[in-house]
Structures are given as structure tokens and as C-alpha cells.
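Below is one structure; the comments refer to it alone.
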Amino acid sequence: MKLTVFQFEGAPEELDASQALRELTQSPNGSTTVVRTAGMDPAREGLPSRIPGVPDEGQDTVRTLLQHNSTRQLFLRFLAVTTKRDNVAVHGIKRKNAQPGTLLDYSRYLRLRKQGSPFGGFAYVYPESSTINLRLNYTDEQLSDLNISTARTLATGHREYRVSVDLKDNRSLDEALRLAELAYNAT
């Protein structure tokens, strides 16, 4: 028994009109079964066709993470605003022991970085939970002086990244964007 499997992606009308697809799926000496499956439709999932700022290599992974996130629209708005700033790029993470040429990993968090800066990212963002960790070493009192009520200070991790915001509503988004601008300007 010989089994050959192909997977084709496209709009139904494109697939139906494809002569090449028709030739590939017709077998002269055996039977052929074509099964249509509905792939994820980003628009139906409430996602844009492109995740703002995320490189092509990370689009599918980040989209999958966002499917499970009830506050994904807030996260997408955060990315849309922050990635419009001058020289900002979104990066995945290079894993320890990665072989040369290995793609970056986008499965846990993303790093927003001002290109040309000697510092690391100004924000580390988690698509699955809409958590934003910022390159700010502020105290609770400093956050209060800035009228920031949705951020929290972290006691662990790198000392330069001690402010975190969970995007839950428009207020937390607005405050995360204000803090991200401060972090961006400081890097």
C-alpha cells in the first residue's frame, strides 16, 4: 500500500480552479480522496491578517498564542502603537544551544527593541497572556506619582525590568503605552 499526502492552502475557489492541484490529486492507477478542511481564518478569529511588527517567521506561532488570549485585541493594539515608533523591531528569542541559522523562537514571548540601541529590548511581551514587562526600574511610589495604577513592580528577574502590566481593559492598555514610551525613550 502506498499513501501519499499533500496539504494545500488557499481559498476554495483558488483550489477548485487550480489545474496543477487537479493533476497532483488525480491518480492513474489508484484511488484519490480529497478532504477539505477549514483552516484558521484570522478574520473569523478576530485577528488581523498580519500581527503588527512580527516578522513572517513568527506570524503563525504568535497567531496561535493569541487564539487562546481573551484580551488579544488589547495586545494587538499595544503592538500596533509601539511598533510604529522609529526603529522598533519585534524579535523572537534565540534559545541556548541553538544551532547557527536556527530561526528565532516566538513561542513564549517577544522582545520589542529600538534598533541601534546598546540596550536590550524596551519591552518583553507575552502574546498568550497579554503581559507586558518593561525596561523600567521604578518603585510603586514612582508609578503612583505617574498616576499608574494597573502596573506592578516585580521582585525577581533582571533589575532593569521591574515594571509589569497585564492588559485587561482600556485603562491598563493606556498605562502600558505610557510606560512603554518611557522605556523606549530611556533605551
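The values are calculated or read from the model by the stated rules, or taken from the named source; none is laboratory data. Everything numeric in this text was worked out from a predicted model, so none of it was measured. Here Cβ is always computed from backbone atoms with ideal geometry, including for glycine, and neighbour counts include all displayed protein chains. With ligands, DNA and RNA removed, areas are computed over all heavy atoms of the protein, side chains included. Shrake-Rupley method; radii C 1.70, N 1.55, O 1.52, S 1.80 Å.
Summary of values
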item	result
Accessible carbon and sulfur surface of region 60-156 relative to its total accessible area, %, 1.4 Å	46
Sparse-neighbourhood loop sites, trypsin sites (Lys or Arg not before Pro) in region 106-187 - DSSP loop, at most 16 other Cβ within 10 angstrom	R108, R159, K168
Size of region 64-187 as Cα extents on the principal axes (Å, biggest first)	46, 33, 30
Integer Hz, Karplus 6.51/-1.76/1.60 couplings in order for region 177-187, x for Gly and Pro	5, 4, 5, 5, 5, 4, 5, 4, 5, 7, 9
Mean Cα-pair separation over length for region 92-187, i.e. relative contact order, pairs under 8 Å, 6 or more apart, %	23
Listed peptides 115-125, 91-101 by packing density, highest first (mean Cβ within 10 Å)	115-125, 91-101
